[in-house]
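To start, the structure under review is shown below, and the notes come after it.
Derivation of every value follows stated rules applied to the coordinates shown; laboratory data play no part. Just so it is clear, the structure is predicted and the values come from calculations on it, not from any experiment. Note that each Cβ is placed from the backbone with ideal geometry, even for glycine, and that neighbours are counted across all protein chains shown.
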Amino acid sequence: MASVFDTLKERGYIAQLTHEEKIKEILENEKVTFYIGFDPTADSLHVGHFIQLMVMAHMQRAGHRPIAILGGGTAMVGDPSNRTDMRRMMSLEEIQHNAENFRKQISKFIDFSDGKALMVNNADWLLKLNYVDFLREIGVHFSVNRMLTAECFKSRLERGLSFIEFNYMLMQSYDFLVLFQKYGCNLQLGGDDQWSNIISGIDLIRRVEGQEAYGMTFTLLTTSEGIKMGKTAKGALWLDPVKTPPYEFYQYWRNIHDNDVIKCLKLLTFLPMEKIGELSKLKDEQLNEAKKILAYEVTSLVHGEEEAIKAQQAAEALFGGGGNTENMPTTEITKAELGEGINILDMLLKAKLIPSKGEGRRLIDQGGIYLGQDRVESFDLLITENHFTGNELIIRKGKKVYHRILLS
């Protein structure tokens, strides 16, 4: 039976390892306690975090114990990794609110019952630290010269790196030491942008405890062109259904580039590799079947099977001529609001399909707005009750964005 190490490698998660053979050995022969950190800098996890959740789930399924750290302390400082500027300073209340949202979302993917996993908040130890004691006991083990060569700092030196951010590496390293001492955690996992912080934590454990710890990073979720995946016209692709409705979430995966489908099936679903191997043989138009499977599987994991079915049905209503439109993004208007008619640009604004009338004029001029199957030709078009079928009107923007106007 293959170990979880083989699973992670085969599916393409692993980017870098500190001790490949040793990590492979302990994952095959021991029950390992490992951790991944989540800084609550927003009020929801986004799809970039989903890779981390999938790795945790694979590891737990193989019998290892995850620790999810909510970074209530580190978020007070802000991670400079992959940043061109300093993060916005957040209040303790805001961070606590975000951390509670993270707690609920992570619990949907990881089983925390009966000690199978732990969730802790590093605010519990970081916010109690005495600064001078911390410098004497922890800071003494860090070389500034070595820290400045770390990738997370090098990219910031030209623009300016604040002293508060410079402390982030010490704080994350201290997290690893605390978890090692308290829970026997000897493996830290994280995105590849966390490599410098992870190896600093390993070095701190070696210097303080004289024992070995290990690190493994996994690939960041990017397109085949190397661009971070999960960015939409409305911003990030959130796991919170209020911030990114399940239909929009489904449609994102349904419409990803052909070159990214198989990679996403490996990273973001639990489909067997044999099945993914079969789907990888599909070409051109046939790849749409793989995209449908990807969209359904990821939406089902994040939002549940019921919401995935609803999103699938709404998509089929648009692209397959079947299903229903009830779960499509919808804007309701009353007959009183409609009156004698609403200008097309005002309707697009109301449905939040455009940010401005100027953008609406550009789209209409380029033939990018449709009412049902009919292209809108004029900026002066008045939408009246005659445009509705029953009590609904479908507006299409471009090839893939659909919106339902519901008349009540």
> Which entry in (i) 62, 48, 40; (ii) 86, 38, 36; (iii) 78, 48, 40 is this structure's computed Cα extents along the principal axes in Å?
Replying inline: (iii)
>> Test of understanding: ordering Tyr35, Tyr370, Tyr131 by Cβ neighbours within 10 Å, fewest first, what list do you get?
In response: Tyr131, Tyr370, Tyr35
> Expressed as a fraction of 2.2 N^0.38 Å, the rule-of-thumb size for a compact globular protein of N residues, what is the C-alpha radius of gyration of the range 330-407?
Replying inline: 0.98
> In degrees from 0 to 90, rounded to the nearest 10, what is the angle of the helix 287-303 Cα long axis to the longest principal axis of the chain?
Replying inline: 60
> Using the alpha-carbon atoms, what tilt in degrees (0 to 90, nearest 10) does helix 168-183 show relative to the longest principal axis of the chain?
Replying inline: 70
>> Given points 7 Å out from each Cα along the Cα-Cβ axis, report the Leu129 to Glu392 separation in nanometres with one decimal.
In response: 5.4
> Which one of Met89, Val261, Leu70 is farthest out on the positive end of the charge dipole of the chain, using unit charges on Cβ (Lys, Arg +1; Asp, Glu -1) and the Cα centre as origin?
Replying inline: Met89
> Pick from Gly191, Gly201, Gly63: which is most flexible by mean-square fluctuation in a GNM of the chain where alpha carbon atoms under 10 Å apart are linked?
Replying inline: Gly63
> Most fluctuating residue of Phe166, Phe218, Phe249 in a GNM of the chain with Cα springs under 10 Å: which is it?
Replying inline: Phe166
>> Between the range 7-43 and the range 165-188, how far is it from one alpha carbon centroid to the other, in angstrom?
In response: 15
>> As an exercise, use a Förster radius of 30 Å and the Cβ-Cβ distance of Asn259 and Ser3 to find the FRET efficiency, rounded to the nearest 0.05.
In response: 0.50
> Most fluctuating residue of Leu135, Leu70, Leu301 in a GNM of the chain with Cα springs under 10 Å: which is it?
Replying inline: Leu135
>> Output wanted: per-residue J couplings in Hz (rounded whole) for the range 352-363, from phi through Karplus 6.51 cos²θ - 1.76 cosθ + 1.60, θ = phi - 60°, x for Gly and Pro.
In response: 6, 8, 9, x, 7, 5, x, 5, x, 4, 4, 5
> For the range 231-317, max minus min Cα coordinate along each principal axis, in Å, sorted largest first?
Replying inline: 36, 27, 25
>> Using Cβ counts within 10 Å as a stand-in for footprinting exposure, how do Trp238, Trp125, Trp195 rank, fewest first?
In response: Trp125, Trp195, Trp238
>> Taking 0.36 nm per residue of sequence separation and subtracting the Cα-Cα distance, how much length would be gained by fully extending the chain between Ser113 and Glu25, in nm to one decimal?
In response: 29.0 nm
> Working out 0.36 nm times the residue gap between Lys228 and Gln181, then minus their Cα-Cα distance, what length gain in nm do you get to one decimal?
Replying inline: 13.4 nm
> With +1 on each Lys and Arg Cβ and -1 on each Asp and Glu Cβ, how big is the dipole of the range 4-218 about its Cα centre, in debye rounded to the nearest 20?
Replying inline: 80
> Angle between the Cα long axis of helix 47-61 and the longest principal axis of the chain, 0 to 90 degrees, nearest 10?
Replying inline: 60
> How high is the FRET efficiency from Lys104 to Leu282, r the C-beta distance, R0 35 Å, rounded to 0.05?
Replying inline: 0.40
> Can you sort Arg207, Arg11 by how many other beta carbons sit within 10 Å, fewest first?
Replying inline: Arg207, Arg11
>> Using only DSSP helix segments of four residues or longer, with each worth -39500 (n - 2.57), what per-residue ellipticity at 222 nm results for the chain after dividing by its residue count and rounding to 500?
In response: -12500 deg cm²/dmol
> Relative to the present Cα-Cα distance, how much length would full extension add between Phe163 and Val208 at 0.36 nm per residue of separation?
Replying inline: 13.8 nm
> Can you give me the Cα centroid spacing of the range 91-111 and the range 330-408 in angstrom?
Replying inline: 38
> Using a Förster distance of 22 Å, how high is the FRET efficiency between Leu406 and Glu377, based on the Cβ-Cβ distance and rounded to 0.05?
Replying inline: 0.35
